[in-house]
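Notes follow once the structure below has been shown.
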Amino acid sequence: MDDLDHRSLGSRLELYHQQDDAPGMVFWHPRGYAIYRVLEDYIRRRMRRLGYAEVRTPMVLPRALWERSGHWEKFRDNMFLVEDEDGREMALKPMSCPGHVQIFNKGLRSWRELPIRYAEFGQCHRNEPSGAMHGLMRTRAFEQDDAHVFCREDQAVEEMGRFIDLLDEVYAELGFTGYEVALATRPDQRAGADEQWDWAEARLAEAARARGLSFSVKPGEGAFYGPKLEFILRDRLGRSWQCGTVQLDCVLPGRLDASYVAPDGSRALPVMIHHAVFGSMGRFVGVLLEQHGGALPFWLAPEQVAVAPVSDRQGDYARHVWDMLDGAGLRVVMQDGNETLPRRIVASHEAGIPVMAIVGGREAADNTVTLRRRDGSQSVAKLEEAAALLAVTRPS
């Protein structure tokens, strides 16, 4: 296996593991879950600023709901099934959209309320074939940064454009210089009238072109309820992985009895936009690891700063440095002073820690730290200034 494959990096950096008796499942270790949570918090802040309300829906839902939505017919073979004590058949959710419709349906909605935007870090399970699984890239249990927008037809293009802008900004901040876009159109087995599909495909293309995106077409690869734009990243070996997606759906709202009160007092069906910036959170971590060769940007690194006292005599001051940096919201680790400083520099580099805060006698006397960065550059700063400087390197 290539040393820069995300599976090798995950093992070497002690981020996660998988095991034979739990195929397709991921055991996140503390360092790996730190990355995971940073990404969650980052996209959560971005979504909140765009007007999304975060929700949580059940992981197990009744078969009857999946039948009404159409997922049962389409995904039955890939769903994990359970029965309750009364023999009712339930399924672990393969996606969160039917649950979000249930939230929308609680209460009488007015046209004035639209668009309504929900977001969820939805835990999903799909019984993928064993031969299709590949590290973090394809698993049976995963979490998605799911979001759904309920809106009027005349609002759809603008809402999808807002999402494309968000995705473009996020991918750039995460170090991706570009991505491919594909329009996946109506499959042979689908729900809804051809007129609905004509309209949805045209609106997706309009939203993409309005944002200056060129796209290929994948005939027949849309979801059974609507077409979608797929945003594709390539790993360092040139393999393509779909991460972000936006889907325009004229079907599920009607199947699940979603409606709002139109200006004339009649009941109207909203259209539903499904989208995710990262897609599978685990897959996105895997692509990030390979993109950066394990040397993640400072704000994403599981441990951002290693405090390294030159000797035991600086132990008290080193703990003070740790407290200051931790109090500034940084992820800090204290290095053992028993090893030589050169060995600790090597260990810090191998662990992917981007900054070392070196503390010797002079630093302790002057209330400073020597900041040694991943590229070998060094600078000396007052402790308070160092804490403030490092803390602001995170995206807002």
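The values are calculated or read from the model by the stated rules, or taken from the named source; none is laboratory data. All values reported here derive from a predicted model rather than from experimental measurement. All Cβ positions, glycine included, derive from the backbone under ideal geometry; neighbour counts span all protein chains shown.
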Would you confirm whether any residue within segment 71-88 is assigned to a helix (DSSP H, G or I), surrounded by 19 or more Cβ atoms within 10 Å (Cβ to Cβ) and hydrophobic (A, V, I, L, M, F, W, C)? no
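Considering every residue within segment 266-277, establish whether at least one is free of Cβ contacts under 8 Å to residues at least 12 places away in the same chain and not β-branched (V, I, T).
Residues of segment 266-277 free of Cβ contacts under 8 Å to residues at least 12 places away in the same chain: 266-267.
With not β-branched (V, I, T) added as a condition, the list becomes 266-267.
Yes: one or more hits.
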Quick check on segment 4-26. Is at least one of its residues hydroxyl-bearing (S, T, Y) and assigned to a helix (DSSP H, G or I)? yes
Name the one entry in L256, L330 that is of a type in the set (A, V, I, L, M) and in the same structural domain as E201 (by TED's automatic domain parsing). L256
All positions within segment 224-274 that are polar (S, T, N, Q), outside any loop (DSSP other than H, G, I, E, B) and surrounded by 16 or more Cβ atoms within 10 Å (Cβ to Cβ): Q242, T245, Q247
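This table checks each residue for (1) within 13 Å of the chain's Cα centre (by Cα); (2) modelled with pLDDT under 95; (3) among the hydrophobic types (A, V, I, L, M, F, W, C); (4) closer than 30 Å to H6 by Cβ.
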| residue | (1), (2), (3), (4) |
| --- | --- |
| L114 | no, no, yes, no |
| A119 | yes, no, yes, yes |
| G122 | yes, yes, no, yes |
| P129 | no, yes, no, yes |
| A147 | yes, no, yes, yes |
Looking at (1) modelled with pLDDT under 95; (2) of a type outside the set (S, T, Y); (3) within 27 Å of the chain's Cα centre (by Cα); (4) crowded, with 22+ Cβ neighbours inside 10 Å, which is the one condition that is false for E350? (4)
Any chance L108 is hydrophobic (A, V, I, L, M, F, W, C), surrounded by fewer than 17 Cβ atoms within 10 Å (Cβ to Cβ) and part of a loop (DSSP other than H, G, I, E, B): yes
Test R56 against the criterion of being surrounded by 12 or more Cβ atoms within 10 Å (Cβ to Cβ) and either assigned by TED's automatic domain parsing to the domain that holds F163 or at pLDDT 95 or above (or both), and give yes or no. yes
Can you name every residue in segment 1-37 that is at pLDDT 95 or above and either closer than 30 Å to D165 by Cα or among the aromatic types (F, W, Y) (or both)? Y16, F27, W28, G32, Y33, A34, I35, Y36, R37
Some residue of segment 295-309 being surrounded by fewer than 19 Cβ atoms within 10 Å (Cβ to Cβ) and part of a helix (DSSP H, G or I): no
So, in segment 175-223, exactly how many residues are loosely packed, with under 12 Cβ neighbours inside 10 Å, under 22 Å from the mean Cα position of the chain (by Cα) and in contact (Cβ under 8 Å) with a residue 24 or more places away in the chain? 0
I'd like to check something: does segment 38-56 contain any residue that is among the acidic types (D, E), closer than 26 Å to H100 by Cα and in a helix (DSSP H, G or I)? yes
Restricting attention to segment 311-362, the residues that are of a type in the set (S, T, N, Q), free of Cβ contacts under 8 Å to residues at least 40 places away in the same chain and touching a helix residue (DSSP H, G or I) at 6+ places or on another chain (Cβ under 7 Å) number exactly 1
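Out of everything in segment 165-200 that is part of a helix (DSSP H, G or I) and touching a strand residue (DSSP E or B) at 6+ places or on another chain (Cβ under 7 Å), what residue ends up being nearest to C250 (Cα to Cα)? I'd like the intermediate steps shown before the answer.
First, pick out the residues of segment 165-200 that are part of a helix (DSSP H, G or I): 165-173, 194-200.
Now narrow it down to the ones that are touching a strand residue (DSSP E or B) at 6+ places or on another chain (Cβ under 7 Å): 167, 200.
Values: L167: 23, A200: 8 Å.
Of everything passing the filter in segment 165-200, A200 is nearest to C250 (Cα to Cα).
Based on this model, can you work out whether R31 counts as within 16 Å of the chain's Cα centre (by Cα) and over 23 Å from G238 (Cα atoms)? I'd like the intermediate steps shown before the answer.
Numbers: within 16 Å of the chain's Cα centre (by Cα): no; over 23 Å from G238 (Cα atoms): yes.
It is false that R31 is within 16 Å of the chain's Cα centre (by Cα) and over 23 Å from G238 (Cα atoms).
Suppose we filter M356, M334 for residues that are in contact with a strand residue (DSSP E or B) (Cβ under 7 Å, 6 or more places away or on another chain) and closer than 24 Å to H292 by Cβ; which single one remains? Talk me through it step by step, then tell me what you get.
Details: M334 fails: closer than 24 Å to H292 by Cβ.
Testing whether each residue is in contact with a strand residue (DSSP E or B) (Cβ under 7 Å, 6 or more places away or on another chain) and closer than 24 Å to H292 by Cβ leaves just M356.
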